[in-house]
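Notes to accompany the following structure.
The values are calculated or read from the model by the stated rules, or taken from the named source; none is laboratory data. All values reported here derive from a predicted model rather than from experimental measurement. For neighbour counting, all protein chains shown are included, and Cβ atoms are generated from backbone atoms with ideal geometry for every residue, glycine included.
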Amino acid sequence: MALCVLSYPNLERRDFEWIQSLRAKHEKLAYALVKPHITLVFPTDAMAEDEYLNHVRGVISHTPPVSFAIRCAVMRHSPANDRWNVFLVPDEGYSSIVKLHDRLYTGPLAGELRLDVPFIPHITVASRRAAEICQDLVAEINEEGICIEGSLNTVDIVSYQSHGLTTMEKIDLFAGR
């Protein structure tokens, strides 16, 4: 069992439905498995569950909610599965999400950070072998002039197994309470 950290963004219903419509058409496998999300820690089984949970809880306890605005799509190639992906990437909130990711990859998770793949906060809306399909989708999205505003208010610590994902714990981002 591998563990990961996801944040399911708080979005307007119309934005959520628009994202889901893209995912249903262009990312069918993930669409059936998981809702739109930003991955903050990628799956790993390199440490004991208790150590992982305690580390993530400690980082999150000092992290405020993150507001973001997405205004563009970008295309990236994933050598791991030889697929092209279309990401919705935030303009506003980008640095706060990167800093959260970086804080999570300290301590017991420091050795799990992949230095060969730069972290880009994103919501994936397409995954295809054909680069042309992804490039056309990026052009179409960017031509629309999207503006999706939302926030990350919680993180889910998720177990990732061959049969699917299971949320082990949902943690509220610290709101100064």
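Which one is surrounded by the fewest Cβ atoms within 10 Å (Cβ to Cβ), of the residues in segment 35-56 that are of a type in the set (A, V, I, L, M, F, W, C) and more than 16 Å from Asp102 (Cα to Cα)?
Top of the filtered list is Ala48.
Can you find, within segment 57-70, the residue that is farthest from the chain's Cα centre (by Cα) among those that are closer than 15 Å to Ile97 by Cβ and of a type outside the set (Val, Ile, Thr)?
Here the answer is Pro64.
Take the conditions surrounded by 15 or more Cβ atoms within 10 Å (Cβ to Cβ), in a helix (DSSP H, G or I), among the β-branched types (Val, Ile, Thr) and touching a helix residue (DSSP H, G or I) at 6+ places or on another chain (Cβ under 9 Å) and apply them to Val74. Does it pass?
no
Take the residues in segment 13-28 that are free of Cβ contacts under 8 Å to residues at least 40 places away in the same chain and under 22 Å from Tyr160 (Cβ atoms); name whichever of them is nearest to the chain's Cα centre (by Cα).
Among those residues, the one meeting the criterion is Gln20.
Here are Glu132, Glu112: which of them is of a type outside the set (Val, Ile, Thr) and surrounded by 14 or more Cβ atoms within 10 Å (Cβ to Cβ)?
Selected residue: Glu112, the only one of Glu132, Glu112 that is of a type outside the set (Val, Ile, Thr) and surrounded by 14 or more Cβ atoms within 10 Å (Cβ to Cβ).
Are any residues in segment 77-104 part of a helix (DSSP H, G or I) and either free of Cβ contacts under 8 Å to residues at least 24 places away in the same chain or among the hydrophobic types (A, V, I, L, M, F, W, C) (or both), and if so, which ones?
Ser95, Ile97, Val98, Lys99, Leu100, Asp102, Leu104
Asp102 is checked against (1) at pLDDT below 95; (2) under 16 Å from Leu6 (Cα atoms); (3) out of contact with any strand residue (DSSP E or B) (no Cβ under 7 Å at 6 or more places or on another chain) and fails just one. What number does that condition carry?
Condition (1) is where Asp102 drops out.
How many residues are closer than 20 Å to Glu149 by Cα and of a type in the set (A, V, I, L, M) if we restrict to segment 22-39?
Total satisfying the criteria: 2.
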